[in-house]
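Step one of this worksheet: look at the structure below.
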Amino acid sequence: MRKHIRIMSMAAVILLASTGCGGNAGQKEESKEPIVEDFDLILNDQRTQVIVRDEPDTVAAESVEEPGDAEIPLETEAIVPYADRIAGDNGVAYNVETTVYEDGVIRIEYPQLTNMADGQKQQQINERIRQTATGSISTENLNSYDLKYETATKGDGIVSFIFRGTEYYANSAYPNNVIKTLNIDLNTGKNVRFKDFADVASVVSSLELADGYTIVNEGVDMADFSAYLNNGSVTDYAMTLLDYDVDFENPEMIPTGFSAIRDNHLILFIDAEHAMGDYVELEFRKNL
């Protein structure tokens, strides 16, 4: 009987021990799985970071420029302006000062040259400037006349002036705009007219095609101006242009228009209807 009790006790102990061991083993098996999964995720993240870390080096290597790849700007030859070029080795030094002429309702500001080496030539030129600026003014029924000037070009061989102003006569609905120009050869003392320095054929072609120039007046449309010219305002471009500008040798001649030199470009002033400003100012794109 004792022997049977001992055997039963030992069997119970073995059963309890095996049951306890089995439960702990199960818990250990379950705890291993998440550890393995977390470890794999860490390895995957590390591999991704290694790839990202390599990208900046690759981009930097691709963006490196080799010496000599940059474009070298080509040198452009400087253009000698016509007003300087015409003087050759005989460039003239001078200054420009303003003189005012006033007579009743007339007020005119005009230029005078100073400090020229040739005093006689300077006096001759200044007298011609004065005559051009103050002459040819009809004083009958004149209410006001105001004229000012700008130095369009102050070159070594040619000086070019543009005179702008207004005149207003009694019983007129509005004042008229006035334009005059004067281009002077500083060595000869003579005035330089359009036909003396411009390419007449090229200008005629530009006027006929409405191309090669810019209208300076505000509010004047290219199509309207071209239509105005081609509707009989200018019957013969070439003949009209040949009579441009004041002629010192023929003071009785009335100019058909005026020209000037500004920034090495030809400037033309063409008479027009009042709606266009009484004259249209054209600047040709081609260098002289």
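The values are calculated or read from the model by the stated rules, or taken from the named source; none is laboratory data. Note that the structure is predicted; figures quoted are calculated from it, not measured. Using ideal geometry, Cβ is built from the backbone for each residue, glycine included, and neighbour counts are taken over all protein chains shown.
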First in the stretch 241-266 and without any contact (Cβ under 8 Å) to a residue 12 or more places away in the chain, second anywhere and part of a loop (DSSP other than H, G, I, E, B), Cβ under 6 Å, 6 or more apart: Met253/Asp247
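Conditions (1) within 25 Å of Ile108 (Cα to Cα); (2) surrounded by 15 or more Cβ atoms within 10 Å (Cβ to Cβ); (3) of a type in the set (Gly, Ala, Ser); (4) at pLDDT 90 or above, marked per residue:
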site	(1), (2), (3), (4)
Asn143	yes, no, no, yes
Asp146	yes, yes, no, yes
Phe163	yes, yes, no, yes
Glu167	yes, yes, no, yes
Val192	yes, yes, no, yes
Gly219	no, no, yes, yes
Residue that is surrounded by the most Cβ atoms within 10 Å (Cβ to Cβ), among those in the stretch 259-288 that are over 14 Å from Tyr244 (Cα atoms) and of a type in the set (S, T, N, Q): Asn264
Odd one out for Asn183, checked against (1) in contact with a strand residue (DSSP E or B) (Cβ under 8 Å, 6 or more places away or on another chain); (2) without any contact (Cβ under 8 Å) to a residue 60 or more places away in the chain: (2)
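Here are some residues: Val200, Val178. Which one is in contact with a strand residue (DSSP E or B) (Cβ under 8 Å, 6 or more places away or on another chain) and hydrophobic (A, V, I, L, M, F, W, C)?
Numbers: Val200 fails: in contact with a strand residue (DSSP E or B) (Cβ under 8 Å, 6 or more places away or on another chain).
Just a single option satisfies the conditions, and that option is Val178.
Would it be correct to say that Thr151 is in a strand (DSSP E or B) and crowded, with 21+ Cβ neighbours inside 10 Å? Give the derivation first.
Working: in a strand (DSSP E or B): yes; crowded, with 21+ Cβ neighbours inside 10 Å: no.
No; evaluated as a whole, the condition is false for this residue.
For residues that are of a type in the set (A, V, I, L, M), under 26 Å from Pro175 (Cα atoms) and either at pLDDT 95 or above or surrounded by 20 or more Cβ atoms within 10 Å (Cβ to Cβ) (or both), tally how many sit in the stretch 235-258.
The first filter runs over the stretch 235-258 and keeps only residues of a type in the set (A, V, I, L, M), leaving 238-239, 241-242, 246, 253-254.
Right, trim to under 26 Å from Pro175 (Cα atoms) and you get 246, 253-254.
Checking the rest, the ones that are also either at pLDDT 95 or above or surrounded by 20 or more Cβ atoms within 10 Å (Cβ to Cβ) (or both) come to 246.
Looking only at that region, the number is 1.
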